[in-house]
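Written below as structure tokens is the structure these notes are about.
We did not get these values from a lab; they are worked out from the coordinates using the rules stated. Here the structure is a predicted model, which is why all the values come from computation and not from measurement. Here the Cβ positions follow ideal geometry from the backbone for every residue, glycine too, while neighbour counts run over all protein chains shown.
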Amino acid sequence: MSEIVVTENITGVAMQQLRETHDVLFDPQLWQRADDLAAALQTAKAGIVRNQTQITRELIGQAPNLQIIARAGAGLDNVDTAAAAEAGVVVSYAPSENSVSVAELVLGLMLSLVRRIPAAWQDTRSGGWDRAGFTGGELFQKTVGIVGLGRIGRLVAQRAAGFGVTLIAHDDYVDPADPQIRDLNVKLVSLPELLAVSDFVSAHVPLTEQTRGMFDAQLFSQMKPNALFINASRGETVNETDLLAALRDNQIAGAALDVRSTEPPVIGEFEKLDNVILTPHIGAFTHEAQERVVETVCRDVAAVLSGGEATSVFR
Ligand code: MLT
């Protein structure tokens with residue numbers, strides 16, 4: 001059994017180096033096979049995961065040699081961090097390494113929705129030239145409502161500002177007096193106010209017990225009929241049945257979803273709607289972001305296994 005177990009598709013120069021210098025089990029599908037995953041972690045000193053592998057209390061309890069779990073990404077909703085702390089297992093992650101990429105995708109999704117770029121491409125590709133049919137809207141002078149003004153929410157705000165939008169945000173955890181928040185020129189408002197006035201509502205909340213399913217029928221019913229909803233955070237923050245109903249009933253005008261409540265999703269109803277854009281959780285998937293992410297977690301794993309300290313640690 002190997003000292004390092006890589007349970008998902010995590011590649012790049014730093015991973016290659018780690019594989020050349022350490023005993024690594026590299027099995028990108030391991031996260032899907034619960035028994036094999038448990039067996040591999042039972043003897044491993046390190047596990048490197050993305051967001052699919054559920055690192056539960058039970059798994060940690062069965063892994064006496066485990067020293068570090070490295071999460072190649074920002075979200076830690078799939079790692080029982082409390083159980084890791086109790087067991088003395090370091091949790092390393094990459095909290096900001098992919099934020100710019102996610103923020104840029106969000107702007108891309110906003111433009112794709114409002115200009116219907118994917119549909120125009122499909123139509124043109126099959127011989128169409130329907131210029132008037134693809135008349136869209138501008139971002140300019142629209143209101144962008146950001147739900148969750150953390151790292152990515154702030155980067156979205158900075159980038160959207162360049163389009164001349166009005167920026168508002170809702171976040172119970174930020175201090176309006178914080179100079180970083182003041183410099184963003186974002187008006188902090190209540191969630192009902194944000195939903196009532198936003199042309200774009202972009203979700204940037206982490207997945208917690210409080211946020212699970214928070215975007216539900218009640219919230220969609222408070223949005224404007226022309227509102228476009230973007231989610232590049234976590235699929236489980238959305239009640240997908242309610243979103244589907246809101247889209248079908250024209251309670252809102254459209255949605256772009258990079259994340260789904262089950263990934264990969266079961267192909268279903270969203271795929272049939274013209275006012276929906278779906279992407280396969282690619283927010284963090286740029287060459288630049290992945291290089292940074294993989295470098296961070298591989299460096300931490302190598303450090304811990306040689307008796308040193310990880311530097312990008314969740315506390
Ligand atoms: C993240 O949490 O960093 C992103 O959602 C990407 C990922 O999970 O791999």
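Looking at A94, A74, which is the one that is touching a strand residue (DSSP E or B) at 6+ places or on another chain (Cβ under 7 Å), among the aliphatic types (A, V, I, L, M), closer than 30 Å to T311 by Cβ and within 16 Å of the ligand (Cβ to nearest atom)? Quick ask: steps written out before the conclusion?
Working: A94 fails: touching a strand residue (DSSP E or B) at 6+ places or on another chain (Cβ under 7 Å).
Every option except A74 fails the conditions.
Do we find that R151 is away from the ligand (no atom under 16 Å from the Cβ), of a type in the set (K, R) and surrounded by fewer than 19 Cβ atoms within 10 Å (Cβ to Cβ) in this structure?
Taking the combined requirement at face value, the residue does not satisfy it.
Does any residue in the range 56-73 that is in contact (Cβ under 8 Å) with a residue 40 or more places away in the chain come within less than 7 Å, Cβ to Cβ, of a residue that is part of a loop (DSSP other than H, G, I, E, B) and within 16 Å of the ligand (Cβ to nearest atom) six or more places away or on a different chain, and which pairs are these?
The qualifying pairs are A72/I10; A72/R50; A72/A94; G73/R50; G73/N51; G73/A94; G73/N98; G73/A284.
Hey, among E240, E309, E271, E236, which residue is among the acidic types (D, E) and either in contact with a Cys (Cβ under 6 Å, 6 or more places away or on another chain) or closer than 20 Å to S96 by Cα (or both)?
Details: E240 fails: either in contact with a Cys (Cβ under 6 Å, 6 or more places away or on another chain) or closer than 20 Å to S96 by Cα (or both); E271 fails: either in contact with a Cys (Cβ under 6 Å, 6 or more places away or on another chain) or closer than 20 Å to S96 by Cα (or both); E236 fails: either in contact with a Cys (Cβ under 6 Å, 6 or more places away or on another chain) or closer than 20 Å to S96 by Cα (or both).
Matching residue, one of E240, E309, E271, E236: E309.
Consider only pairs whose beta carbons are under 7 Å apart and that are at least six residues apart or on different chains; among these, list those whose first residue lies in the range 1-30 and is of a type in the set (S, T, N, Q) and whose second residue is part of a loop (DSSP other than H, G, I, E, B) and surrounded by 17 or more Cβ atoms within 10 Å (Cβ to Cβ).
Close Cβ pairs (under 7 Å, with a partner that is part of a loop (DSSP other than H, G, I, E, B) and surrounded by 17 or more Cβ atoms within 10 Å (Cβ to Cβ)) amount to S2/A44; T7/D27; T7/T53.
Mind counting the residues in the range 212-235 that are in contact (Cβ under 8 Å) with a residue 60 or more places away in the chain and acidic (D, E)?
So the count comes out to 0.
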